[in-house]
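Asker: The following block contains the structure, expressed as structure tokens.
Bear in mind that the values in this text are calculations on the coordinates, not laboratory data. This structure is a prediction, so every number in the text was calculated from the model and none was measured. As a convention, Cβ positions derive from the backbone with ideal geometry for all residues, glycine included, and neighbour counts pool all protein chains shown.
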Amino acid sequence: MKRLLFLTTILAATVVPAADTSKSSVLPTADVRGVIRDLNSPRSMPHYHSRADWLAHAAWLREHLLVSCGLWPAPAKCPLNTQIFGRIERDGYSVEKVFFESWPGFYVSGNLYRPLGRGKGPFPAMLNPHGHWKVGRLADEEIGSLPGRCIGFARQGYVAFSWDMIGYNDSFHWPHRDFPPAGGREWLWGLSLFGLQTWNSIRVIDFLQSLPDVDPNRIGCTGESGGGTQTFILTAVDDRIKAAAPAVMVSAIMQGGCLCENGPNLRQDTFNVEVSASAAPRPQLLIAATGDWTRFTMTHEFPAVRSIYRLLGAADKASAVRFDAPHNYNKGSREAAYAFFGKWLLADNNASHFKEKPFTVEPKENLLVWEGREKPANAQTAESLAKMWTANSDKQLADALADGPAQFRKLYEPALRHALSLEVPAAKEIVAEDCGGGLLALGWPGRGDRIPAKLTQPKVGGKRTATLVVHPKGWLAAEPFAAKLADAGQLVLAIDCFNHGRKTEDKFFTTYNKTDTQLRAQDIVTALTWLHGRKDVSAINLVGLDDAGLWCLLARPFAPFVKKTAADAGQFNLANDDAYQKKLYVPVLRRAGDFRAAVALIDNAPLLIHNAGEAFKPGVKTRKEKLGEDELVAWLTK
């Protein structure tokens, strides 16, 4: 599978066959994965060679987005308990107030615009997420009018809905950008403003499909700026969106500056242009402006998106326009969207039929949902929502464990893999550089990894058991233990896992960069895979010493060929969020089942977890005391 990397430097490597490390080279001194990226780091689209190549990546991307949103495994949907009221009829359309529950006690509020004088339908529906206007969905300016856009769609024969971003207007639970904080304990559970707004958008589709005058198979989505982000994210994760027009947001040079656009792990291996392309082959219009970060759309972003549509034989369904204007969704942009959706959802290819007529926006009291109305008594607070979210996550994990190994693996293997941002290579893809004296450098070309390692050979030849030993201080600290295993007849590989000591002050650091723990888990899987490809190895064991025991437990499910695993739990408190924050920070890890899922995914292979104390209870028998090296060697060699 092709994966996006954005590397600025790739160190040269001499490829050595898996069982031959006789060629010498220079031990690498750098690992380009330490380069820190942010929302303004330029990206480029990788080349996908075939339809199958892209479809495999698109499947990965959809999983990744849902895990980042905290929506994998899919949460249970509560009843919407919709209320529609305050109907006003105008020239060619009506407007009503709406609220419903996306989670129990968590309210989505907005306005529903319907056609008048066009019969009973069913009509196509149009979602209209808004950008970061000061007054949100009520914005009515020359460079953008949300009510005007909805009026235009309703007059053309759509049921149009605009709703509040969290913290705007009638969305009263907490202010926008305030909760949950980037990198906080909530992100461990996959609870983010980005994920909550994505869930609200999914529930908006549910709401529209519940209306008798809506055709459930003709639903479109268009929004500007932050609403553009909502548009292409929703389209990527929900096939019910049949056509999309993200405005002034699909860019390779700026990915979105708000908490609602930056979820945990979200863009570590992808970016907005690729997410937008995942709409293919459904029709899509990119709307750009010369006065913002979409100024290069016609020469950069759109050709990249169209290349994917061409792979799928749907180049005619991708289009783009750019206006000489600032960041906007002005009349010209709206008319381009009207014509686009008219072609694909109304089967009318005559753009002249979609010129915008003059409109008058209602006073805000006619649009605000809670104007003169009591707010619901069951409304969630930030604290109560977080408590409900974590309880539901724990229940989902317990239910999946009770459903049996096959169903559990289907749900939680992708969850844990994406939480760790981990890829599983083929053995033939791994490079081994011989650096002399048993020293190696392992790496996966194109990923930027250079893993220092020490290979210790036993005195006996032929096929033998190989053990990967991981120590938090690297291969040198592991040498005494490696020597004991070699004396017992095993081939031993010890590695230096990633440790760059990067500064992580950027609040969106984990949106764009993998944590040390994520990269260490990847290094362990890479090294195990290389051992698995050696012709002189009959079986493989894994040992994590001291703090590295926890890294090994997270990595182990992705190396199913490992026979025995011994891991030091370091007295880690599995149920304490602060422990993860301080010692083992991985966004979404707790939502993905943390060590409970990792141990369950190891199945019935021999597993020795020691130094576990009372607080480490992953669902298997553990040893409270810390075992010595001789005891570990005895267990591994018996």
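Asker: Any chance you could give the angle, 0 to 90 degrees and rounded to 10, that helix 226-237 forms with the longest Cα principal axis of the chain?
Answerer: That helix lies at roughly 60 degrees to the long axis.
Asker: So, one more: How much length, in nm to one decimal, is gained on full extension between LYS503 and LYS463, taken as 0.36 nm per residue of separation minus their Cα-Cα distance?
Answerer: Result for the pair: 10.0 nm of gain on full extension.
Asker: Give me the three principal axis extents of region 146-289 from the C-alpha atoms, as integers in angstrom, largest value leading.
Answerer: Computed over the Cα atoms, the extents are 44, 34, 26 Å.
Asker: Quick one: work out Rg over Rh on the C-alpha atoms of region 68-144, Rh as Kirkwood radius.
Answerer: Answer for region 68-144: 1.03.
Asker: To the nearest 500 deg cm²/dmol, what mean residue ellipticity at 222 nm is calculated for the chain from DSSP H runs of n ≥ 4 alone, each contributing -39,500 (n - 2.57), summed and divided by the residues?
Answerer: -9500 deg cm²/dmol
Asker: What's the magnitude of the charge dipole for region 104-263 around its Cα centre, counting Lys and Arg as +1 and Asp and Glu as -1 at the beta-carbon? Answer in Debye, nearest 20. Mind dumping the intermediate values first?
Answerer: Values: 13 positive and 14 negative charges, 78 e Å.
Approximately 380 debye in magnitude.
Asker: For a footprinting-style exposure proxy, rank TRP370, TRP389 by other Cβ within 10 Å, fewest first.
Answerer: The fewest-first ordering by Cβ neighbours comes to TRP370, TRP389.
Asker: Can you give me the long-range amide H partners of SER109? Hydrogens built in the peptide plane at 1.01 Å from N, cutoff under 5 Å, separation of 5 or more residues or another chain.
Answerer: ASP164
Asker: How far is helix 516-532 tilted off the main Cα axis of the chain, in degrees rounded to 10, range 0 to 90?
Answerer: Long axis of 516-532 versus the principal axis of the chain: about 50 degrees.
Asker: Let me ask something additional. Given a cut-off of 25 Å, name the pairs among LYS410/LYS564; LYS242/LYS507; LYS454/LYS563; LYS134/LYS514 whose C-alpha atoms lie farther apart than that in the structure shown.
Answerer: With Cα atoms farther than 25 Å apart: LYS242/LYS507; LYS134/LYS514.
Asker: Could you work out Rg/(2.2 N^0.38 Å) for the chain, with Rg from alpha carbons only?
Answerer: The reported ratio for this selection is 1.06.
Asker: In nm, to one decimal, how far is the modelled label at VAL620 from the one at ASP536, with both set 7 Å along Cα→Cβ?
Answerer: Distance between the two pseudo-spin positions: 3.0 nm.
Asker: Which lysines, if any, have their Cα less than 17 Å from the Cα of LYS626, not counting same-chain residues under 8 positions apart?
Answerer: Answer for LYS626, where 17 Å is the Cα cut-off: LYS617, listed by chain and number.
Asker: Within 10 Å of each candidate Cβ there may be at most 13 other Cβ atoms; applying that plus a DSSP loop requirement, which GluC sites (Glu not before Pro) in region 255-337 survive?
Answerer: Listed in order of number, the matching sites amount to none.
Asker: With only alpha-carbon atoms in the gyration tensor, what are the semi-axes of the equivalent ellipsoid for region 68-388, in Å, largest first?
Answerer: Taking √(5λ) for each Cα gyration eigenvalue gives 27, 25, 18 Å.
Asker: Can you pull out the trypsin sites (Lys or Arg not before Pro) in region 262-366 whose DSSP state is coil and whose Cβ has at most 14 other Cβ atoms within 10 Å?
Answerer: Of the trypsin sites (Lys or Arg not before Pro), the ones in loops of region 262-366 whose Cβ has at most 14 other Cβ atoms within 10 Å are LYS355.
Asker: May I pose another question? Got a sec to turn the phi values of region 595-609 into Karplus ³J(HN,Hα) couplings, 6.51 cos²θ - 1.76 cosθ + 1.60 with θ = phi - 60°, whole Hz, x for Gly and Pro?
Answerer: Each residue's phi maps through the Karplus curve to give 6, 5, 6, 4, 5, 5, 6, 6, 6, 9, 5, x, 9, 10, 10 Hz.
Asker: Also, I was wondering about something else. Please get the size of the charge dipole for the chain, origin at its Cα centre, with Cβ charges of +1 on Lys and Arg and -1 on Asp and Glu, quoted in debye to the nearest 20.
Answerer: Dipole about the Cα centre, nearest 20: 1080 debye.
Asker: Could you work out how far helix 146-156 tilts from the main Cα principal axis of the chain, as a 0 to 90 degree angle to the nearest 10?
Answerer: The angle comes out near 70 degrees.
Asker: To the nearest whole percent, what portion of all C-alpha pairs in region 486-601 is separated by more than 16 angstrom?
Answerer: Across region 486-601, Cα pairs with separations above 16 Å total 63 percent.
Asker: Place a +1 charge on the Cβ of each Lys and Arg in region 68-388 and a -1 charge on the Cβ of each Asp and Glu, then give the dipole magnitude about the Cα centre in debye, rounded to the nearest 20.
Answerer: Here the size comes out at about 560 debye.
Asker: Turning to a different aspect of this structure: Can you give me the P(r) profile for region 596-638? Cα pairs, bins 5 angstrom wide beginning at 0, each as a whole percent.
Answerer: Spelled out bin by bin, region 596-638 gives 5, 20, 28, 22, 20, 5 percent.
Asker: Could you pull out the trypsin sites (Lys or Arg not before Pro) across region 28-132 that fall in loop regions by DSSP (anything but H, G, I, E, B) with no more than 11 other Cβ atoms inside 10 Å?
Answerer: LYS120
Asker: Rank these for me by crowding, CYS552, CYS78, CYS260, going from fewest to most other beta carbons within 10 Å.
Answerer: Values: CYS552 27, CYS78 14, CYS260 24.
Listing CYS552, CYS78, CYS260 from fewest to most nearby Cβ atoms yields CYS78, CYS260, CYS552.
Asker: According to the Cα gyration tensor, what semi-axes, each the square root of 5 times an eigenvalue, does the equivalent ellipsoid of region 403-637 have, listed from largest to smallest in whole Å?
Answerer: Sorted largest first and rounded, they come to 26, 21, 17 Å.
Asker: OK, next. Is the shape of region 429-561 rounded, prolate or oblate, going by the alpha carbon gyration tensor and its root eigenvalues a ≥ b ≥ c, with a/c under 1.5 for rounded and a/b larger than b/c for prolate?
Answerer: Verdict is prolate for region 429-561.
Asker: Given a Förster radius of 60 Å and the C-beta distance between ASP603 and ARG90 as r, what FRET efficiency does 1/(1 + (r/R0)^6) yield to the nearest 0.05?
Answerer: Efficiency computed from Cβ-Cβ geometry: 0.45.
Asker: Let me ask you something else. Would you mind computing, in nm to one decimal, how far apart the modelled labels at ASN81 and GLN407 are, each placed 7 Å from Cα along Cα→Cβ?
Answerer: 2.8
Asker: May I pose another question? Take the Cα radius of gyration of region 551-638 and divide it by 2.2 N^0.38 Å, with N its residue count; two decimals is plenty. Could you put the intermediate results ahead of the total?
Answerer: Numbers: Rg = 12.9 Å, N = 88, 2.2 N^0.38 = 12.1 Å.
Ratio of Cα Rg to 2.2 N^0.38 Å: 1.07.
Asker: Continuing with this model, one more query. If you take every DSSP beta bridge fully contained in region 68-388, what fraction is antiparallel? Give it as a percent rounded to 5. Don't skip to the end; give the middle numbers.
Answerer: Values: 22 of 44 bridges.
Bridges in region 68-388 are about 50 percent antiparallel.
Asker: Something else now. Give a residue-ordered list of calculated ³J(HN,Hα) values for region 356-366 (Karplus: 6.51 cos²θ - 1.76 cosθ + 1.60, θ = phi - 60°; whole Hz; x for Gly, Pro).
Answerer: 6, 8, x, 9, 10, 7, 5, x, 4, 5, 7
Asker: For region 222-316, just run the numbers: alpha carbon Rg, then divide by 2.2 N^0.38 Å, N being how many residues it has.
Answerer: 0.99
Asker: For the chain, what is the percent of antiparallel DSSP beta bridges, rounded to the nearest 5?
Answerer: Among the beta bridges of the chain, antiparallel pairing accounts for roughly 45 percent.
Asker: Now, a different point. If you take every DSSP beta bridge whose two residues both sit in region 403-637, what share of them, in percent to the nearest 5, is antiparallel? Don't jump to the answer; show the numbers that get you there.
Answerer: Working: 13 of 33 bridges.
Here the antiparallel bridges make up roughly 40 percent for region 403-637.
Asker: Out of GLY70, PHE106, LEU468, whose Cα points farthest toward the positive end of the dipole of the chain (charges: +1 Lys, Arg; -1 Asp, Glu; placed on Cβ)?
Answerer: LEU468
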